[in-house]
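Report on the structure given below.
Bear in mind that the values in this text are calculations on the coordinates, not laboratory data. Being a predicted model, the structure only gives us computed values, none of them experimental. As a convention, Cβ positions derive from the backbone with ideal geometry for all residues, glycine included, and neighbour counts pool all protein chains shown.
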Amino acid sequence: MLKNKKPNIPLPSLSRLLTVYRLLEQLEKDGIASVSSSEIGKILGYKPDSIRKDVSFLGEVGNFGGGYEVQKLKRHISTKLELEKKRKTCIVGLGRLGTAILNYDDLLRNGFIVVAGFDSNINKLETINTALELFPAYEIAEIVRRKEIEIGVIAVPARSAQETADRLMEGGIKGIINFSPVAIEVKNSVMIRNIDLLGECMLLSTLLTFEENALR
């Protein structure tokens, strides 16, 4: 078990392990009993050696006919990384993206309990159809503190991102997922993951352009 100590797993390996875990969830739903590292690598675009090395960071899991038992490997990753742990989460910014995240059922199925949504437009809060509690943005710190929310998802315009993060941190948030295209300054041990959706789309478009030009 990795409890009570920081696991010595490189971030790229951790990211791959979580991607493998999501794949194993789907394979289990599809009734597939075993899978090899080569098959995992082919589906996900990883080298089989990388898959085996990543799994080895979590200790011995055993194999099944030269591959992995899907349920066993899924359970092994979940136990070692404590993926069963529940995390209270909130969404700030209830435009199209924020509302979509608010209603994303897979969050709850994977232990992320969305307990609050926030928006600076009070009138908008009255028009959103959801069973979740919604609050004006100026109450972020109070609600995060009262509900003991650990993760905050920021889906606000760039100009409001830092102020939103400050309010979350004032309430004692532990981690932030930032969808705004700006760098946010965080305090102390608050962890942040920046997800620039438009930037990724632009990068992919540019790479496609390079490939298209090379073929001309």
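Residues 83, 197, ranked from the fewest to the most other C-beta atoms within 10 Å, line up as 197, 83. Taking amide hydrogens as placed 1.01 Å from N in the peptide plane, the amide H of residue 153 sits under 5 Å from those of 90, 91, 92, 177, each at least 5 positions away in sequence or on another chain. Less than 14 Å Cβ to Cβ from residue 192, Lys/Arg counted +1 and Asp/Glu -1: what total charge do the surrounding residues give? Every neighbour counted, the sum reads -1. Database remark: amide H of residue 114 closer than 5 angstrom to the amide H of 89 (H placed geometrically; neighbours at sequence offset of 5 or more, or on other chains; Pro and chain starts carry no H). For the chain, modelled as a GNM whose springs connect Cα atoms under 10 angstrom apart, the maximal fluctuation among 99, 19, 130 occurs at 19. Could you give the angle, 0 to 90 degrees to the nearest 10, between helix 158-170's Cα long axis and the longest principal axis of the Cα atoms of the chain? Rounded to the nearest ten degrees, it is 90. Taking each residue as 0.36 nm, the span from residue 214 to residue 87 lengthens on full extension beyond its C-alpha to C-alpha distance by 41.1 nm. Each residue of the range 179-190 was assigned a 3J(HN,Hα) from its phi angle through the Karplus expression (A = 6.51, B = -1.76, C = 1.60, θ = phi - 60°), giving 8, 7, x, 9, 7, 10, 7, 10, 10, 6, 9, 5 Hz with x at Gly and Pro.
Among beta bridges from DSSP that stay inside the chain, the antiparallel ones total about 10%. The protection proxy used here, the mean number of other Cβ atoms lying within 10 Å of each residue, ranks peptides 184-192, 163-171, 74-82, 204-212 as follows, highest first: 163-171, 74-82, 184-192, 204-212. Using only the Cα atoms of the range 65-216, build the gyration tensor, take square roots of its eigenvalues as a ≥ b ≥ c, and label the shape rounded, prolate or oblate: rounded if a/c is under 1.5, else prolate if a/b is larger than b/c, else oblate. Taking the square roots of the gyration eigenvalues as a ≥ b ≥ c, the range 65-216 is oblate. Consider a paramagnetic label point 7 Å from the Cα of residue 127 along Cα→Cβ; state which residues of the range 146-164 have an amide N under 19 Å from it. 155-157, by backbone N distance to the label point.
Taking other C-beta atoms within 10 Å as the exposure proxy, 21, 104, 68 rank 104, 21, 68 from fewest upward. The label point for residue 109 and the one for residue 46, both projected 7 Å from the Cα toward the Cβ, are 2.1 nm apart. Each of 193, 52 was scored by other Cβ atoms within 10 Å of its Cβ. Listed from fewest to most, they are 193, 52.
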